[in-house]
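**Student:** Take this structure, written in structure tokens, and hold onto it; I'll ask about it next.
The values are calculated or read from the model by the stated rules, or taken from the named source; none is laboratory data. All values reported here derive from a predicted model rather than from experimental measurement. Glycine also receives a Cβ, built like all others from the backbone with ideal geometry; neighbour counts cover every protein chain displayed.
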Amino acid sequence: MAVRRRKSGGRTAFTLAMALALASAALVIWWGGALWPAASIQVTDPGTLILESGALPGGVTAVLAEPADQAVPPAPLRLTGRFARPMTEDGAPRHEWPAAHAVARIDGPEVTLSFDDDENRYRLTIDSPALSLVLDRPGRHDLNIAGLGPGLHDLRVEKISESSAPRPFPVIRPGADTTALPVPALPRQIEVIGDSEAVGYGVTSPRRDCSAEEQFATTDTSQAFGPTLARALDADYRLIARSGMGLVRNYGGADAGRSLTSLYALPLPSDPDAMALPDAWSPRLVVLQLGTNDVEDSEQPHLPPGYGEAAGELMTRIRSLYPAATILVLLTSEPDAGRQAALDPVIARLQSKGGPPVALVKAPESDLGACHWHPSLADHAAMTAALQEALASLPAPWGTPAP
């Protein structure tokens with residue numbers, strides 16, 4: 001994961017005053033103990049089931065148990081994200097990119113979710129927002145939900161963490177006296193392409209200083225700007241994002257040759273040979289947020305060679321894949337290091353060829369108060385608002401039929 005630091009200039013007097021203030025604060029803390037204890041972060045162990053909604057509704061039980069043989073066919077899902085085909089004929093689709101999620105609909109009181117994942121955190125909502133559960137690295141276990149009562153129930157299960165290896169997606173099966181039903185598709189779709197900011201890296205953390213476990217516990221992709229924007233637009237969303245990933249250069253120069261331009265088309269970033277699971281994905285809005293890691297860790301921030309060309313290649317590819325999509329290029333985080341100057345002509349050239357709008361959106365100044373100087377919940381809300389404001393000035397992405 002990238003650990004980022006804000007870079008800023010200033011006059012010598014200001015720098016000296018800040019240094020003296022910090023030294024004085026350090027002396028007070030050394031002399032009398034910490035004046036303000038660090039805000040607490042809840043860290044849970046693998047296999048922990050957390051009830052977010054406060055209390056289970058009367059008669060409802062949620063039990064994480066050893067896996068049982070299942071003769072019941074899986075429920076049909078509205079599955080969203082990049083997925084690869086199962087490893088075996090009766091296996092589950094594999095996922096690695098963030099925010100993989102699915103919606104199921106049942107008629108009846110009972111359902112079982114079968115997990116086989118020791119790396120990720122998941123959120124399960126039932127009849128949102130009535131019941132919300134978070135599972136921390138459930139491993140190979142079944143989550144049995146019973147007592148929901150008769151009638152229709154909608155379930156949504158979503159990966160909210162970031163993974164570095166493929167894992168099978170949970171399988172959902174109806175229980176006793178319960179029938180699985182088809183799930184209607186959402187007519188609106190958006191795709192978000194980005195780095196750790198799009199992932200929601202440490203977004204719920206109340207402080208910047210985080211251990212690895214605290215960073216993992218406070219990452220929640222569903223609260224990042226992309227999913228937040230999608231909910232505001234009543235749209236489904238897919239994220240192609242990875243912490244430390246740049247357009248041409250990753251953070252610290254890591255994984256040379258494996259930046260976004262080489263990973264974007266892969267269903268699984270760590271398995272180039274994986275076969276994609278077919279889907280009917282045709283977003284009418286694409287948000288591209290990248291470039292932070294291309295420049296972020298340089299002492300003298302500058303764009304790496306080929307940045308503008310890579311941006312043009314990616315946007316041209318997006319336009320070819322999704323000819324009806326509006327493209328918003330979200331410029332976040334300082335330093336700019338010439339990113340806007342490189343992007344402006346690329347956007348102008350693509351827009352001159354016709355088609356839906358292509359626009360640059362500058363994010364507001366961020367406090368970067370989350371883990372390792374990443375955007376906070378307030379920062380993500382501000383980025384969402386900036387994107388909404390930009391959309392309000394453009395033709396509605398869903399206002400015309402696709403070509």
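**Student:** Taking the stated definitions as given, is Pro283 assigned by TED's automatic domain parsing to the domain that holds Gly257 and either modelled with pLDDT of 95 or more or more than 30 Å from Ala92 (Cα to Cα) (or both)?
**Tutor:** When the stated conditions are applied, Pro283 passes them.
**Student:** Go over the candidates Arg238, Arg249, Arg258 one by one and state the one that is free of Cβ contacts under 8 Å to residues at least 24 places away in the same chain and under 22 Å from Gly200 (Cα atoms).
**Tutor:** Being free of Cβ contacts under 8 Å to residues at least 24 places away in the same chain and under 22 Å from Gly200 (Cα atoms) holds for just one of Arg238, Arg249, Arg258, which is Arg258.
**Student:** Let me confirm something: among Glu313, Glu309, which residue is charged (D, E, K, R), out of contact with any Asp or Glu (no Cβ under 6 Å at 6 or more places or on another chain), assigned by TED's automatic domain parsing to the domain that holds Tyr237 and in contact (Cβ under 8 Å) with a residue 40 or more places away in the chain?
**Tutor:** Answer to the check: Glu313.
**Student:** Within the range 271-290, does at least one residue satisfy the condition of being touching a helix residue (DSSP H, G or I) at 6+ places or on another chain (Cβ under 8 Å), part of a loop (DSSP other than H, G, I, E, B) and more than 27 Å from Arg167 (Cβ to Cβ)?
**Tutor:** No - not one qualifying residue is present in the range 271-290.
**Student:** Restricting attention to the range 175-184, does a residue exist that is in contact with a strand residue (DSSP E or B) (Cβ under 6 Å, 6 or more places away or on another chain) and among the charged types (D, E, K, R)?
**Tutor:** no
**Student:** What's the total number of residues in the range 158-202 that are more than 22 Å from Asp234 (Cβ to Cβ) and in contact with a helix residue (DSSP H, G or I) (Cβ under 9 Å, 6 or more places away or on another chain)?
**Tutor:** 8
**Student:** Output the residues belonging to the range 235-257 that are more than 17 Å from Asp297 (Cβ to Cβ) and either modelled with pLDDT under 90 or not in a loop (DSSP other than H, G, I, E, B) (or both).
**Tutor:** Within the range 235-257, Asp236, Tyr237, Arg238, Leu239, Ile240, Ala241, Gly257 qualify.
**Student:** If you take the residues in the range 249-267 that are in contact with an Asp or Glu (Cβ under 7 Å, 6 or more places away or on another chain) and over 11 Å from Thr292 (Cα atoms), which one is surrounded by the fewest Cβ atoms within 10 Å (Cβ to Cβ)?
**Tutor:** In this case the residue turns out to be Gly252.
**Student:** Right, another one. Can you name every residue in the range 305-364 that is assigned to a helix (DSSP H, G or I), within 22 Å of Asn250 (Cβ to Cβ) and of a type in the set (D, E, K, R)?
**Tutor:** Glu309, Glu313, Arg317, Arg339
**Student:** Could you please find all residues in the range 101-117 being buried (at least 24 other Cβ atoms within 10 Å of the Cβ), farther than 19 Å from His141 by Cβ and not β-branched (Val, Ile, Thr)?
**Tutor:** Scanning the range 101-117 gives a single hit, His101.
**Student:** Can you name the number of the only condition in (1) surrounded by 13 or more Cβ atoms within 10 Å (Cβ to Cβ); (2) assigned to a helix (DSSP H, G or I) that Leu394 fails?
**Tutor:** Condition (2) is where Leu394 drops out.
**Student:** Now for a different question. Could you please find all residues in the range 295-310 being surrounded by 23 or more Cβ atoms within 10 Å (Cβ to Cβ) and either modelled with pLDDT under 90 or under 17 Å from the mean Cα position of the chain (by Cα) (or both)?
**Tutor:** Correct list: Val295, Glu296.
**Student:** Within the range 74-90, track down each residue that is more than 14 Å from Leu239 (Cβ to Cβ), among the charged types (D, E, K, R) and in contact (Cβ under 8 Å) with a residue 24 or more places away in the chain.
**Tutor:** If the condition is that a residue be more than 14 Å from Leu239 (Cβ to Cβ), among the charged types (D, E, K, R) and in contact (Cβ under 8 Å) with a residue 24 or more places away in the chain, then Arg78, Arg85 are the ones that fit.
**Student:** If you don't mind, another one. Could you check the range 342-391 and list, in sequence order, the residues that are closer than 22 Å to Tyr307 by Cβ, surrounded by 15 or more Cβ atoms within 10 Å (Cβ to Cβ) and hydroxyl-bearing (Ser, Thr, Tyr)?
**Tutor:** Correct list: Ser366 only.
**Student:** Going by what's in this entry, would Asp69 be described as acidic (Asp, Glu), in a loop (DSSP other than H, G, I, E, B) and either under 13 Å from Pro170 (Cβ atoms) or not assigned by TED's automatic domain parsing to the domain that holds Thr218 (or both)?
**Tutor:** Criteria met by Asp69.
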